[in-house]
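Quick notes on the structure that follows.
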Amino acid sequence: MHAPSFPDWLHALSTISLLIAAACALWIAIDVARHPQKMAVMNFVWPLTALFGSVVWVALYYAFGRRKGRGIDAPGEELPFWASVAKGASHCGAGCTLGDIIAEWSAFAMPQIAVWFGWHSLFGEKIFAVWIVDYIVAFALGIAFQYFTIKPMRDVSAGEGIWAAVKADFLSITSWQVGMYGLMALIQFVWFRPSYGGLAEVATPEFWFAMQIAMLAGFATAFPTNWWLIRKGLKEKM
C-alpha cells in the first residue's frame, strides 16, 4: 500500500474545514448545556451533526433546534415539515457520525478488527471491511438514539420502544450509509488514488474531510427516506 502524497492546498483545506466544524460542535455543545433541549437526546444529536454539517448545521440548530431549549423565548408555532424531516435525518446522522468515529479509529488502532470482518479474506481493501463495522456500530447507536426519542413520546414498554426504534431507523440508517459510502468510495478510489497515489488513512485530515463531504451525501439520501417514514408515522416528527 502506497502512502498518498496530498498537495498542501488540500491538507490546509481539510484542516481548516475540520477546525471550523469542531468549533461549531463546541459552540452548540456549550449552548445546549446552558439551554438543554426538551428532548434530551437532541443535546447529543446537534453537536454531533455539526462535526460534518459545520456552519450549515449551526444555522439549522439556531433556526429550528435552539427554540426547543430550556429558557429560550421562541415562537411556539409548528416547524415546517421539511425542517422536521431535516431534524429526523440529523438524528440518524448523529448515530452514523459517532459510529464511524468509533469504528474507524478502532480499526485503525487494532487492524485485526478489519480482518475479522473480511479484510484479506473477502476484501482486498481494508476500507470495505471497516465499512461493515461502521454500519453495525452506527446502526446500534442510531437505534439507541431513536429509542430515547420514541420511549418518552409514546410512553411504551422497553421492548416496544426498541422494536419501534428498529422500524424507524433501519431504512434511515441504511439510506444514509448508502449515500455516505458511495461518495466516500468516489473520493477515495476515483479522486485520491489516481491523483495522489493512494487512499487517505484515518490518521489524516484528508480522510476526515472526505468523510465530512460523504456525510452530506448521506444526509441527501436519508432525507427522502425520513420524509416517507415520518409521513407514514413510523418515525416521530421532531
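Distance between Cα centroids, the range 158-227 to the range 6-35: provide it in whole Å.
With the range 158-227 and the range 6-35 each reduced to a Cα centre, they are spaced 19 Å.
With a cap of 14 neighbouring Cβ atoms within 10 Å, and only residues DSSP puts in a loop, list the GluC sites (Glu not before Pro) found in the range 1-110.
Values: sites: 77, 78, 104; in loops: 77, 78.
Taking the range 1-110 and a limit of 14 other Cβ atoms within 10 Å, the loop GluC sites (Glu not before Pro) found are 77, 78.
Give me a comma-separated list of calculated 3J(HN,Hα) values for the range 154-168, in order, Karplus coefficients 6.51, -1.76, 1.60 applied at θ = phi - 60°, integers in Hz, x for any Gly or Pro.
9, 6, 10, 6, 4, x, 5, x, 5, 5, 5, 5, 4, 5, 6
In whole Hz, what ³J(HN,Hα) sequence does the range 60-74 give by Karplus (6.51, -1.76, 1.60; θ = phi - 60°), x for Gly and Pro?
5, 4, 5, 7, 10, x, 5, 4, 8, x, 5, x, 9, 8, 9
Looking at the range 14-105, which trypsin sites (Lys or Arg not before Pro) are in a loop (DSSP not H, G, I, E or B) and have at most 16 other Cβ atoms within 10 Å? Display every interim value, and only then the final one.
Details: sites: 34, 38, 66, 67, 68, 70, 87; in loops: 38, 70.
In loop regions of the range 14-105 (DSSP not H, G, I, E or B), the sparsely surrounded trypsin sites (Lys or Arg not before Pro) are 38, 70.
Which angle between 0 and 90 degrees, to the nearest 10, do you get for helix 205-231 versus the longest principal axis of the chain when only C-alpha atoms count?
Taking Cα atoms only, the helix is inclined about 40 degrees.
Could you state how much accessible area residue 120 has, in square angstrom rounded to the nearest 10, with a 1.4 Å probe and all protein chains kept in place?
130 Å²
With a probe of 1.4 Å, find how much accessible area the chain has per residue, and write the answer as a whole number in Å².
47 Å²
What percent do you get for the relative contact order of the chain when only Cα pairs under 8 Å and 6+ apart count? Could the numbers behind the result be given before it?
Working: 319 pairs, mean separation 61.7, N = 238.
Across the chain, relative contact order equals 26 percent.
Quickly estimate the mean residue ellipticity at 222 nm for the chain, helices only: each DSSP H run with n ≥ 4 gives -39500 (n - 2.57), and the total goes over all residues, rounded to 500.
Numbers: 8 runs with 168 residues, N = 238.
Calculated from helices alone, the mean residue ellipticity at 222 nm is -24500 deg cm²/dmol.
Within the chain, how many Lys pairs that are eight or more residues apart, or on different chains, come under 17 Å at the alpha-carbon?
The result is 15.
Which sequence of 97, 174 reflects their accessible areas, 1.4 Å probe, from the largest down? List each step's numbers first, then the result.
Numbers: 97 10, 174 40 Å².
From most exposed to least exposed: 174, 97.
Using the C-alpha atoms of the range 181-232, what convex hull volume per residue, in cubic angstrom, is computed?
On the way: hull volume 3.5 nm³, N = 52.
With only Cα atoms used, the range 181-232 gives 67 Å³ per residue.
When the solvent-accessible surface of protein heavy atoms is calculated with a 1.4 angstrom probe, in what order do 115, 133 fall, highest first?
Details: 115 50, 133 15 Å².
Result, largest first: 115, 133.
Can you tell me which of 158, 185, 214 moves the most in a GNM of the chain? Springs connect C-alpha atoms under 10 Å apart.
158
The values are calculated or read from the model by the stated rules, or taken from the named source; none is laboratory data. Fair warning: this is a prediction, and the values are worked out from it, not measured in the lab. Note that we place each Cβ from the backbone using ideal geometry, even for glycine, and neighbour counts take in every protein chain shown. Just so you know, the surface numbers come from the protein's heavy atoms only, side chains and all, with ligands and any DNA or RNA stripped out. Shrake-Rupley method; radii C 1.70, N 1.55, O 1.52, S 1.80 Å.
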